[in-house]
Each structure stands twice: as C-alpha cells, then as structure tokens.
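In what follows, a single structure is set out as structure tokens and then discussed.
The values are calculated or read from the model by the stated rules, or taken from the named source; none is laboratory data. This structure is a prediction, so every number in the text was calculated from the model and none was measured. Reconstructed Cβ throughout: ideal geometry from the backbone, glycine too, with neighbour counts over all protein chains shown. Calculation scope for accessible area: heavy atoms of the full protein, side chains included, ligands and nucleic acids excluded. Shrake-Rupley method; radii C 1.70, N 1.55, O 1.52, S 1.80 Å.
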Amino acid sequence: MEFRRINGLPPYVFATINDLKASARREGRDVIDLGFGNPDLPSPDVAVEKLAEAVHNPRNHRYSASRGIPKIRQAISDLYLRKFGVAIDPDLEVVTTIGAKEGLSHLMWVLVGPGDTALVPSPSYPIHIYAPLFAGADVRHVRLDGPGEDADGQSPGAAFFDNLMEAWESAWPKPRVIVLSFPHNPTTECVDLEWMTRIVAFAKEHDIVLVHDFAYADIAFDGYTPPSILQVPGAKDVAVELYTLTKSFSMAGWRVGFMVGNATIVQALTKLKSYLDYGTFQPIQIAAIVAMNEAPDYPKAVNECYQARRDALCDGLNRIGWEISPPRGTMFVWAPIPEPYREMGSLEFAKFLVNEANVATSPGVGFGPGGDGHVRFALIENEKRIGQGVRSLRRALTRLTPA
Ligand SMILES: Cc1ncc(COP(=O)(O)O)c(C=O)c1O
C-alpha cells in the first residue's frame, strides 16, 4: 500500500541490533546493553510518590491543559531562572510538550513546509533530520565533527560553525531554520556560550530561527556547564529551546518536556498543539512540578553516576588500545571504529560486537551517513557491567592488543 511521509524512511538500523541482542539473550548469552539511550536510573522518589497520590484524585482524570497547567509552566520558569539566570514568562514563553521529541516534531510543522530548508547537523539524533522532513521541508546536512576532531587549536564547535556558514552560503532558498543540540547526541560535541553568541548573531542577521534541543542540559563532566542558548542576550528574538526531564531527572517514560524562548514561536506551537493533544496526563504534570521544585539536585546525582560510568568505559577502552577522548557531556561515548575493522562500516561492526563480545552498541550510520565511522556506547549499565563489557571487548578485539 502507498503511504505518505513514511515511504522514504530507511529501515531503522537500531532495530537490527536490538533483534540481535534479543536473540542472543534468548540463547542465554549475557549481553551488556550499551545500545539504546534509555536511562536505567530510577526517577526521583518524591515524583513517584506524588504521582501515586495525584492519580487517586478523580479531578486529575479529566483532560488537562495542552500547553501545561499554570504551575508546571511556573516551575520551568523558576528552574530556568535558578539554573541559567534566564527569565521566562510562564504565560507566553513556555509550552509543555510530550517529551522533547514530540515538541520538536510538531514545532517543525509550524516553522517549515514544502519549499523551505532546514540546516541540520550530521550526524544527528534521528528526529532532528526527520522532523523537518515530515513537515515537507528540505534538509541540508551540515558536518559536525566530534570532540578531538576539530582542526588543531580550534575551539569546540569551530569546525561546525564554519560548515554552517558554508552551507548557508551555498543553500537556495535560504534556510529558515537551524537545528542545534549541545551537548550533542551522538558525537558528544560541546560548545560554550561564546559559540552560542556567535550563532545567535548570525541568525539575527539572516532572519533564521534557531531550534536548540537541550536534552543533555544537565549531563556534563569535569566542571563543564553547558550553556542554554537563552543565556545569550537577545536570543529570544530568534531562538527556542527544548528542555526535558528525560535525562536530567531520569524520567524518560513520563514524557515531560518543554519548549521555552521566543514568545511568537512558543504561541504558534501552543496553538497547533491545542488542536492535537490535551497535554500530558495531569498527575504526571503534578509529579513533574514536585520533581523540579523538590528534587532540584537530582540532576547532579544522575550526572555523577554517568561520570563514573564514562570513566569506567573510557579508561577501559583506552587500556585495551581503543583510543577514545572522554566526552565532556551527554550519556554517550562516540567511538571511532578501530582501524582493523573500519572497512566493515558501523552496522557490520556493531553486529560483530554483539555476536563476538556480547556488547550492544548503536551503529553510527543510524545517525545519518556522517556517523558511519563510529559506534555509540550509551552509559546505561553500571560500572561493574561496563568493566565486564570491556573485558569481553578485549577478548573479541584481540587484533587490537599487542601479541
Ligand atoms: C538529542 C535528544 N533529544 C531528545 C531526546 C528525547 O527526549 P524526550 O524523551 O524528552 O523526548 C533524546 C533522547 O535520547 C536526545 O538524545
């Protein structure tokens, strides 16, 4: 049957690895799962308890507000002030979303359509590519080199900035939207406030909307603090940002995200969503308020846990001769395929790792053609299991270790 929009979608390569993982587990093999970025840490107790309480109140069983109840919009406004020093008007500059992914997808419906162009990093979290495509727009992939791959002496993000400028120059019609997301999934690239300041100035000059997916706002290491794009003075003229409780509060399944920033764009998404949904289930909104207000330090604890896992994985891989520069942010490690295996490409290499080492990763090609030289490890198993995975990788990759 002929369908619209989904016909051109490539097969979901992550599914291939998932199937392999599942069949290995059925055979009784113990697979260390570092594939899907699905947080394994529990959500804050206060949120779980509040949810259980709120669900018993029949008033919360009715339709909720699509844009979010006033108190949740106030809570995100308070969080932005506390965390980033950014003032957000809870009435005009916030809309709740059913996770960042839903927000970004529907945002593209109001920003772009056939004949419009969006610039998107390559490689990319898949919805950054598919959201503008589903909305009918053209996507130009802009190469984003990962950490350690910028030319010598260049600051983080410098190569990507130059690539963006080049893509802008050569594009016609001129792109309406640039999708950004730092700390970046999958490459783990991070930028500083100065980088954000430059891109905001560029967007203002050329009348471009900046969409910043800030999913890893709180997952950063070694003293690095990721900037919110809204910390740039005047950013609200051109930028919106998606913030989510998924990683920061380990609340992936709850589907609680927000879009904040430019009031006109926020109101455009609010209007569209008022036709599409009735908002997140109200007890979940109530529990999310409690998470933000009463567990403000939870993201720090989550972060410490990812940092320990990052260290276990990166130290381990470096010890067995797989050279990795440790990421400064995200819950991932973006690993170049070691030389003897590079020709296999990332899908075959990821299959090899499941079959020979019982370690599941995500093949880089799943993040677009720009990702094919890498696999992505997600830090969703504990340090002991990560250590076990490294030992088993060492056995499988014997060609890497000196005889
Ligand atoms: C860059 C990025 N954006 C968004 C998401 C999903 O966020 P949410 O659960 O809020 O939809 C993820 C999850 O992996 C992500 O990596």
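Some notes on this structure:
- The residue list 24, 63, 77 was ranked by how far each Cα lies along the charge dipole of region 1-95 toward its positive end, using unit charges on Cβ atoms, and 63 comes out on top.
- Its Cα gyration tensor gives region 46-294 an equivalent ellipsoid; the semi-axes, largest first and in whole Å, are 31, 20, 15.
- Å² per residue, accessible surface of region 46-294 at 1.4 Å: 39 Å²
- Paramagnetic label zone (point 7 Å from Cα along Cα-to-C-beta, residue 53; backbone N under 17 Å) in region 283-313: 283-296
- A straight Cα-to-Cα reach below 24 Å connects residue 71 with the lysines 50, 83, 101, 236, 247, 271, 273, 300, residues fewer than 8 places away in its own chain not being considered.
- Förster radius 41 Å - calculated FRET efficiency between residue 343 and residue 272, Cβ distance, rounded to 0.05: 0.35
- Carbon plus sulfur fraction of accessible area for the chain, probe 1.4 Å, in percent: 52 percent
- A dipole drawn for the chain from +1 and -1 charges on Cβ atoms has a positive end, and of 86, 114, 7 the residue lying farthest that way is 7.
- Two tests apply to each whole DSSP H helix in the chain, Cα reach of 30 Å or more along its axis and mean Kyte-Doolittle hydropathy of at least -1.0, and the ones passing both are 298-319.
- Volume in Å³ per residue [convex hull over Cα atoms, computed for region 260-403]: 175 Å³
- Cα→Cβ-extended label distance, 7 Å offset, between residue 81 and residue 325, nm: 3.9 nm
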